[in-house]
Amino acid sequence: MKLYGFFRSSAAFRVRIALNLKRLDYQQAFIHLRRGEQEQPGYRAINPQGLVPALETDGLTLIQSLPIIEYLDERYPDPPLLPGDPAGRARVRGLAAIVACDIHPINNLRVLRYLHGPLGHDEAALAQWYNHWIDAGFGALEPLLAASPHTGAFCHGDAPGLADIALVPQVVNSERYRLDLAPFPTIRRIYETCMTLDAFAQAHPRAQPDCEA
């Protein structure tokens, strides 16, 4: 397996967590997003969208973090990352989608660069934008987690899964502009529980060979 990623990419972070939870060996190829390496023809031939992650495995090139993770879960079912029942799977996918589909896409690097460059917003405005959308998403996630009998030590039950894989990188992102997590005690508790596990800690951006200050 070969994972194309960037230490700060939360989408690549998700896939690293999943690979670690599955105890799968993989090679990393580093695509420096801030230097524009994703725009080079060599990488565009791998992923025409010019985004990370991309995962080469089983003679395939897989893109988009959630489909990659679901592929890994089907291909290597132990330990499972999704519940065994349809209702549980729908709940977990919904929690993950709040992060991966609603928060992350409007806060990623290419959006921030467009806000800063062509639209001329300064760092203070970027911070306000960034935290606004995380706060809005976490404002929905917190009651969904806090009020559900299906929430355990993790987002769904007492084993980590897809929802936790999506949540943890977003909490790490929230540290960038120092979002106050006090209004989200359940999210904070689950995050802290996840980070006691090697699979999460070893996937953290600070633990990656391409990490920069």
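Where a number appears in this text, it was derived from the coordinates with a stated rule and is not lab data. Computed from a predicted structure; not experimentally measured. Cβ atoms come from the backbone with ideal geometry, glycine included; neighbour counts cover every protein chain shown.
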Top positive-direction residue, dipole computed over region 86-200 with Cβ charges, set Pro143, Ala125, Pro105: Pro105
Point-to-point label distance, His116-Cys211, nm (Cα→Cβ direction, 7 Å offset): 2.1 nm
Difference of contour (0.36 nm per residue) and Cα-Cα distance, Ala147 to Thr196: 15.3 nm
Fraction of the pair-distance distribution of region 1-100 above 16 Å, Cα-Cα pairs, percent: 57 percent
Kirkwood-based Rg to Rh ratio, region 86-200, C-alpha trace: 1.01
Residue (of Gln40, Ile68, Leu81) at the positive-pole extreme of region 31-91, dipole from beta-carbon charges: Gln40
Peptides ranked, highest mean first, by Cβ atoms within 10 Å: ranges 176-187, 93-104, 135-146, 8-19: 8-19, 93-104, 135-146, 176-187
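Does the chain come out rounded, prolate or oblate, given a ≥ b ≥ c as the square roots of the eigenvalues of its C-alpha gyration tensor, rounded meaning a/c under 1.5 and, failing that, prolate meaning a/b above b/c?
Details: a/c = 1.78, a/b = 1.08, b/c = 1.64.
Because a/c hits 1.5 or more and a/b fails to exceed b/c, the chain counts as oblate.
If each DSSP helix of 4+ residues adds -39,500 (n - 2.57) and the sum is divided by the residues in the chain, what number results at 222 nm, nearest 500 deg cm²/dmol? Before the final figure, lay out the partial values.
Values: 9 runs with 100 residues, N = 213.
Result for the chain, helices only: -14500 deg cm²/dmol.
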Cβ-placed point charges (K, R +1; D, E -1), dipole of the chain about Cα centre in debye, nearest 20: 260 debye
Relative contact order (percent, whole number), region 86-200, Cα cutoff 8 Å, 6+ residue spacing: 31 percent
Pair-distance profile P(r), taking every C-alpha pair of region 31-86, with 10 angstrom steps and integer %: 22, 42, 24, 11, 1
Antiparallel content of DSSP bridges confined to the chain, in %, to 5: 60 percent
Fraction in percent of alpha-carbon pairs per bin - 10 Å, region 68-114: 24, 40, 25, 12, 0
Beta bridges by DSSP in region 1-119, antiparallel share as percent, to the nearest 5: 65 percent
